[in-house]
Amino acid sequence: MEPFKVINAIVAPLDRANVDTDAIIPKQFLKSIQRAGFGPNLFDEWRYLDRGEPGQPSSGRPINPDFVLNQPRFQGARILLTRDNFGCGSSREHAPWALLDYGFRVIIAPSFADIFFNNCFKNGILPVVLDGKTVAELFQETLATPGYRLTVDLEAMRITTPDGRSLEFQVDPFRKHCLLHGLDDIGLTLEHEEAISQYEMKRRREKPWVFIPEAGDRLGFNV
Amino acid sequence: MNAKTLFAKIWDEHHIRQDADGTTLIYIDRHLVHEVTSAQAFEGLRLNRRRVRAPEATFAVPDHNVPTKNLANGILDPISRLQVETLENNCREFGIRIFGMGDPRQGVVHVMAPEQGLILPGLTVVCGDSHTATHGALGALAFGIGTSEVEHVLATQTLTQKCPKTMRITLNNTLGPGVTAKDMVLYLIGQIGTAGATGHVIEFAGEAIRTLSMEGRMTVCNMAIEAGARAGMVAVDDHTIDYLANRPFAPRGKDWVDAVIQWRHYVSDPDAVFDREIKFDAAAIEPQISWGTSPEMMAPISGQVPDPRLVDDPVRRQSMEKALAYMGLKPGTPMTEIPIDKIFIGSCTNGRIEDLRAAAQVVKDRQVADTIKLAMVVPGSGLVKRQAEEEGLDQIFIQAGFEWREPGCSMCLAMNDDVLLAGERCASTSNRNFEGRQGAGGRTHLASPATVAAAAIHGHFIDVRGL
Ligand code: SF4
């Protein structure tokens, strides 16, 4: 995972509440067994006028000129500004993969769906929660100012606007640490191997019925 | 002071260690895996030369991509086929049990797992799928995770989590005749909204929950995620224990006796305090139908399509307008006058035997309306299908003009060949009416199995209580 320090980038405003992960990456693309390559199909049904199929090249597809990411002024955006409950619905991690592959590293919204929020951190994307009023102001400024950019500083947990205002945000210390250093949290957990093994032994002793090693064989199961 | 919620009992019991900021390492007892969200996790293990820590705790099943007819031909779409084969190969390589295609137990993961007795009270259960919430019906703590977390569980049998908040939704009194668990949960989501329970684990309680069957409780917990909840749960009672008796993977003999004694403890203590409490009167709930593109856009059967002009909040008004444009609906249209093109009965929400019985009861000795282009029943698992056939339900559906299919996710999310075409309107027993969920441009109305079956017969929605 790429460490996240400071991002200064163009902001793209996606003015919708309850954007679900089906909209972020439609299901036909979930058939891929890769992690990369979802960017061209991010928001596929909104971005293009035809129906996208996996494996199809995106160049030459009819684009929807009204969709915000297709407007020339938002090209190269790395910060997505959106409304309440972003990322609701399916748990598919393909949604952050697609956002990341497209180029987004920061998503700003008044609220996020839980699983999506969590998945962002695992992929080097910073989801920032700001209150609804501040988000509304950022929408106005983004729309009113061509080339509108924000600076997002994770270490300082601060966003700076072009006119120099500072917007503070919160991140859990553990998640911040992992994101800042691009840490793989499986590696971190494996450092606690001893504690896990001890827990397992205790659980086996206290609740043997939890563990069902032979059950499958009893049923003629084939691994 | 020692009074604990059901959630807290399970959470505390699975606690391995905690960091200063409250991040907790918890132990995972059961891990369910399907083909769509696991390939990249196994690939990650290979890249980092890691093994699966406890292969016996993980169970796999292909469900999203499997065809629901002409199974003998296998999966025709090469990309879907590769995904299912990748799951099979990964299970073989890492020693994980799989209920593969052709296994009579194969089905939607959330139908198959409880049916096999894989889910027990007091367990932590995860799956790379948001509808893992279903399993909370058995008094377990069950929640959906992303693929990185799937990899984390495979490698460590643990997850790092922040302790969620708790919320109790109490449903007093009982549901009226013809009103089902699905109507109840659709109603709740309509009331509290799709972000109404974000950050919370919901415990469903009250007389209307206690009197529900296990199938009904699974339907309710299944859709807790549609209210934004981390998980839904129901306390253990006799229904839970009766349901588990003699399930293939449930404990036996002395283990069973000991387990039942311990399971009785998985209820919230009488004085337990929840972060939030909400109460509803279940007797006041009518059959529900969704009119929009979010599961909170819900109306009772006696209601009508709402008017965005009456809504003050501009963000909400705009999403209603977008939804109505997408759905091709006019404000003020009575719900009973919405004409339907296709019918889908199935999914992890309503693909269990009781759901098929409820639908069959409405359909019996009647015919699907001429205006319906396709009506299909997709049992939630191979065993549900077999049971339904033993009861003759398949014949009731077939004689009425339904297609009787093989188990899988099917048109719940349309990753196989079962899709809506643009503009087609579907009455569906599934859980999500998002834009394009059942096919690009397709329009989904969520409802109970009985209501959807009645729509098949009449060609439009109708109040099942009057039938
Ligand atoms: S039936 Fe639908 S909601 Fe359930 S697991 Fe399958 S795709 Fe997901």
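Is there a quick way to get the dipole size of the protein assembly as shown? I mean about its Cα centre, with the Cβ of Lys and Arg at +1 and of Asp and Glu at -1; what is the value in debye to the nearest 20? Intermediate values should be presented prior to the final figure.
Numbers: 72 positive and 86 negative charges, 103 e Å.
With Lys and Arg at +1 and Asp and Glu at -1, about 500 debye.
Note on region A:6-182: dipole from Cβ charges, positive end direction compared against A:Ala156, A:Thr145, A:Ala36; the farthest Cα belongs to A:Ala36.
What length, rounded to one decimal in nm, is gained on full extension from B:Lys165 through to B:Leu310, with 0.36 nm per residue of separation minus their alpha-carbon distance?
Going from the current span to full extension adds 48.8 nm.
Distance between the C-alpha centres of region A:146-193 and region B:238-258: 47 Å, rounded to the whole angstrom. The ranking of B:Arg17, A:Arg205 from fewest to most other beta carbons within 10 Å of each one's beta carbon is A:Arg205, B:Arg17. Among B:54-64, A:168-178, sorting by the average number of other beta carbon atoms lying within 10 angstrom of each residue, highest first, gives B:54-64, A:168-178. Antiparallel versus total DSSP beta bridges in region A:6-182: what percent is that, nearest 5? Percent antiparallel among DSSP bridges in region A:6-182 is about 50.
Taken about its Cα centre, region A:6-182 carries a charge dipole of roughly 360 debye when the Cβ of each Lys and Arg holds +1 and the Cβ of each Asp and Glu holds -1.
If we count every other residue with Cβ under 13 angstrom of B:Gly22's Cβ, Lys/Arg +1 and Asp/Glu -1, where does the sum land? All intermediate terms of the calculation are to be shown ahead of the outcome.
Working: positive: A:Arg175, B:Arg17, B:Lys162, B:Lys165; negative: A:Asp172, B:Asp19, B:Asp21.
Local charge sum for B:Gly22: +1.
A simple packing score, the average count of other Cβ atoms within 10 Å per residue, orders the peptides A:193-200, B:378-385, B:128-135 as B:128-135, B:378-385, A:193-200, with the highest score first. Note that region B:441-457 has calculated 3J(HN,Hα) couplings of x, x, 10, 10, 10, 8, 6, 7, x, 5, 5, 5, 4, 5, 5, 5, 6 Hz, one per residue in order, obtained from phi through the Karplus relation 6.51 cos²θ - 1.76 cosθ + 1.60 (θ = phi - 60°); glycine and proline are x. Averaging the Cα positions of each part gives two centres, and for region B:4-24 and region A:90-130 these lie 25 Å apart.
Can you check what the Kirkwood hydrodynamic radius comes to for the protein assembly as shown, Cα pairs only, in Å to one decimal?
Working: mean 1/r = 0.0393 Å⁻¹.
For the protein assembly as shown, inverting the mean 1/r across all distinct Cα pairs yields 25.4 Å.
Summing +1 for each Lys or Arg and -1 for each Asp or Glu, what net charge is found among the other residues whose Cβ lies under 12 Å from the Cβ of B:Asp313? Display every interim value, and only then the final one.
Working: positive: A:Arg83, B:Arg316, B:Arg317; negative: A:Asp84, B:Asp312.
Its environment carries a net charge of +1.
Relative to the 2.2 N^0.38 Å rule of thumb, chain B has a C-alpha radius of gyration ratio of 0.94. Here the simple spin-label model places points 7 Å from the Cα toward Cβ, and for B:Ile398 and B:Asn73 these points are separated by 2.0 nm.
Label-to-label distance for B:Asp255 and A:Glu53 is 4.9 nm, based on points extended 7 Å past Cα in the beta-carbon direction.
Can you say what percent of the DSSP beta bridges in the protein assembly as shown, counting only those with both residues inside, are antiparallel? Round to 5. It would help to have the intermediate numbers written out before the result.
On the way: 25 of 78 bridges.
Here the share of antiparallel DSSP bridges comes out near 30 percent.
The stretch between B:Asp463 and B:Ala245, if pulled fully straight at 0.36 nm per residue, gains 74.8 nm over its current Cα-Cα span.
What is the sum of charges, Lys and Arg at +1 and Asp and Glu at -1, for the other residues whose Cβ falls under 11 Å from the Cβ of A:Val11? Taking every Cβ under 11 Å from that of A:Val11, the sum is +2.
Among the listed pairs B:Lys4/B:Lys279; A:Lys207/B:Lys9; A:Lys122/A:Lys202, which have their C-alpha atoms separated by more than 26 angstrom in this model? Please report the intermediate quantities before stating the final value.
Numbers: B:Lys4/B:Lys279 20 Å; A:Lys207/B:Lys9 14 Å; A:Lys122/A:Lys202 30 Å.
A:Lys122/A:Lys202, as the Cα separations exceed 26 Å there.
Selection among B:Thr134, B:Thr24, B:Phe99 by position relative to the dipole of chain B gives B:Thr24 as farthest towards the positive end (Cβ unit charges, Cα centre). Can you tell which of B:Ile372, A:His177, B:Val84 lies farthest toward the positive end of the dipole of the protein assembly as shown, using +1 and -1 charges on the Cβ of basic and acidic side chains (Lys, Arg; Asp, Glu)? The listed residue farthest towards the positive side: A:His177. In chain A, helices alone account for a calculated mean residue ellipticity at 222 nm of -8500 deg cm²/dmol, with every DSSP H run of four or more residues adding -39,500 (n - 2.57). Take each peptide in B:322-331, B:407-416, count the other Cβ atoms within 10 Å of every residue, and average; sorted highest first, the result is B:407-416, B:322-331. Partners of B:Lys69 within straight-line reach, counting lysines whose Cα lies under 30 Å from its Cα and excluding those fewer than 8 residues away in the same chain: A:Lys27, A:Lys31, B:Lys182, B:Lys342, B:Lys364, B:Lys373, B:Lys385. Over region B:289-466, all Cα pairs binned in 5 Å intervals from 0 give whole-percent P(r) values of 1, 9, 19, 22, 20, 14, 8, 4, 2, 1, 0, listed from short to long.
Which of rounded, prolate or oblate describes chain A when judged by the alpha-carbon gyration tensor and an a/c cut-off of 1.5? Verdict is oblate for chain A. Taking every DSSP beta bridge that has both ends in chain B, the antiparallel portion is near 25%.
Helix content alone sets the calculated 222 nm mean residue ellipticity of chain B: runs of n ≥ 4 DSSP H residues at -39500 (n - 2.57) each, divided across all residues, give -9000 deg cm²/dmol.
Please give the average number of partner chain Cβ atoms lying within 10 Å of the Cβ of each residue in A:122-132, rounded to a whole number.
Values: counts 7, 3, 0, 0, 0, 0, 0, 0, 0, 0, 1.
Mean shielding by partner chains, rounded to a whole number: 1.
Taking neighbour Cβ counts within 10 Å as the exposure measure, how do B:Cys91, B:Cys163 sort from fewest upward? Intermediate results must be reported in sequence, preceding the final value.
Details: B:Cys91 25, B:Cys163 16.
Taking fewest neighbouring Cβ atoms as first place, the list is B:Cys163, B:Cys91.
Treating the beta-carbon of each Lys and Arg as +1 and of each Asp and Glu as -1, no other charges, what is the dipole magnitude of chain B about its Cα centre, to the nearest 20 debye?
Charge dipole of chain B: 460 debye, to the nearest 20.
Every read-out reported here was derived from the displayed coordinates using simple, explicitly stated rules and does not represent laboratory data. Computed from a predicted structure; not experimentally measured. Note that we place each Cβ from the backbone using ideal geometry, even for glycine, and neighbour counts take in every protein chain shown.
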